[in-house]
1. Neighbouring Cβ atoms within 10 Å as the yardstick, rank 177, 124 fewest first.
2. Measuring from centroid to centroid over Cα atoms, what is the spacing of the range 121-183 and the range 437-469 in Å?
3. Please report, to two decimal places, log10 I(q)/I(0) for the range 318-469 at q = 0.10, 0.17 Å⁻¹ as given by the Debye formula with identical point scatterers on the Cα atoms and no solvent.
4. To the nearest 20 debye, what is the magnitude of the charge dipole of the range 179-287 about its Cα centre, counting +1 on the Cβ of each Lys and Arg and -1 on the Cβ of each Asp and Glu?
5. Among 298, 389, 162, which residue has its Cα furthest toward the positive end of the charge dipole of the range 144-465, with +1 on Lys/Arg Cβ and -1 on Asp/Glu Cβ?
6. Just check the range 144-465 against the gyration tensor rule for me: Cα atoms, a ≥ b ≥ c as the square roots of the eigenvalues, rounded for a/c under 1.5, and otherwise prolate or oblate depending on whether a/b exceeds b/c.
Amino acid sequence: MSSPPASSPSEGGGAGGAEERGGGGDEEIVGGPSDRGPRRAGDPSSSRRRSADAVWPEHFVESVAVRVAVDAARSDGRLAAAPAVAAIFQVCSTWRIVSRSELLWEDATRGVWSRRRPLRPTWHEEFIRLHQTARNFRTRRSAYSHLLSAASPAVSCRRLALSDHYLAAGLLDGSIHLFELPSGRHLTTYRTQPHRDRLGPLSRSISGLLLLSDPSRLVFACQDGDIHAAPLDDPVPGSTRQARVGNLMEDGTLVDFAGDGRRWVGLFAGVPGRSWHVWDAETEQLVYVGGSLTDPDSVLGWRMLTDLIATVGRVRIAEPGAMVASTSSRLQVMNLDDPGEVSNQLELRRRALVDSVDACNGQVMVVDLRGLARVLRARTLAEVCRFSTVARVEGHPQQRVSGTVGCMNWGYAVVCSAGSLRVWDAATGEYLYSFRERVGDVTIVAASDRYVASWVDDTGLHLWDFGAL
């Protein structure tokens, strides 16, 4: 959506033009409260035309346009914001001039798309980019590429992370492959330091990946509890620093790891009463230990060090200050501004497929063993929508599903089962489409507003770019 051309000064004189005001050039116009000119006899004040500049100042028009865009996005989806704000600028030439305001587009982009910094030179161009990318995502327009082949079971992928500029793949052997986006070029490989004795062959397996900005860095964790950090602009590619040293005997196995620029959160299993660990991301100091979410899964936590078993749990930052953690039987929400406070909890009677639990933009998705997906509001756990991820066959009862993985981005749910990646609208539960490429049985999938990445043990790493076309 591009800004309409502004009219010349002779067209409207800064007040919408005489024709738009509904009268000839000699008709009296009241400019505002300061205009004390004589009234025309018999002409009530309520019927007199007023200057658009006086009644609708520029900053007020900007506020109205932003509010219209945000309200349209909330009620009808983010793709409704662009047509709604475009209609505002058709009111008159003066309002079309306001469409050039960078402040307007910055506020609209923040309110509709939750973006804090633009990738394009202007906020107007950034709004257009996000709208076009979202439209592509909804209509299945993407560019596909195969980034990395599966060489052996030892390089099976355990975690994927996406940002605006990078894709990171954390493997079973403790290595991290970093790719540049959108080119897909392999940049470097990070490796952990296997200098300490471990309690199992899978101790170094990657359990979490973060791609952070300000400063730009990669943070990753292993199942033994070690946390490593690497600056992404380091002149020595592949160099890492050990930020925290894990203690398996004291904490158990680090089964999942998430975070943002403020806090890192680790989900542990193996030692009762130590399910959650929270670190300050700036100081890298531990600020909280506690919780009993994974206490029933302690044995499974220890087995993760030696066997490739089902995932014990997942932890996600659903929105700033709110963490969501899940096992197959329970979902908990923790207030990170007051670590240790469980603000909400949900017992999952139909056990969850943990690899299909994900959270984004204040919502969390949970898929159960029967393939029923539920999208919930992260803070309250109120249901937004639900949908079935398996196809019903007439005359046959619905069976339990296995091998299903899923993820969310700002507006869509992506779920893979039976070798097919499919997409649903996360606000309504409407089924949209399946990916054209059938890459095989996906073991892990991740999505951002522009990209979807997946790993298949037989074929390796795959990427779809919805902003390339």
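1. Details: 177 19, 124 22.
Listed from fewest to most nearby Cβ atoms, that is 177, 124.
2. Answer, in whole Å: 8.
3. Taken in order of the listed q values, log10 I(q)/I(0) reads -0.35, -0.97.
4. Numbers: 11 positive and 14 negative charges, 51 e Å.
With only Lys, Arg, Asp and Glu charged at Cβ, the dipole is about 240 debye.
5. Of 298, 389, 162, it is 389.
6. Working: a/c = 1.45, a/b = 1.15, b/c = 1.26.
Rounded, because the longest to shortest axis ratio a/c is under 1.5.
Values in this text are rule-based calculations from the coordinates and carry no lab data. Note that the structure is predicted; figures quoted are calculated from it, not measured. Counting neighbours? That spans all protein chains shown, and the Cβs are built from the backbone with ideal geometry, glycine included.
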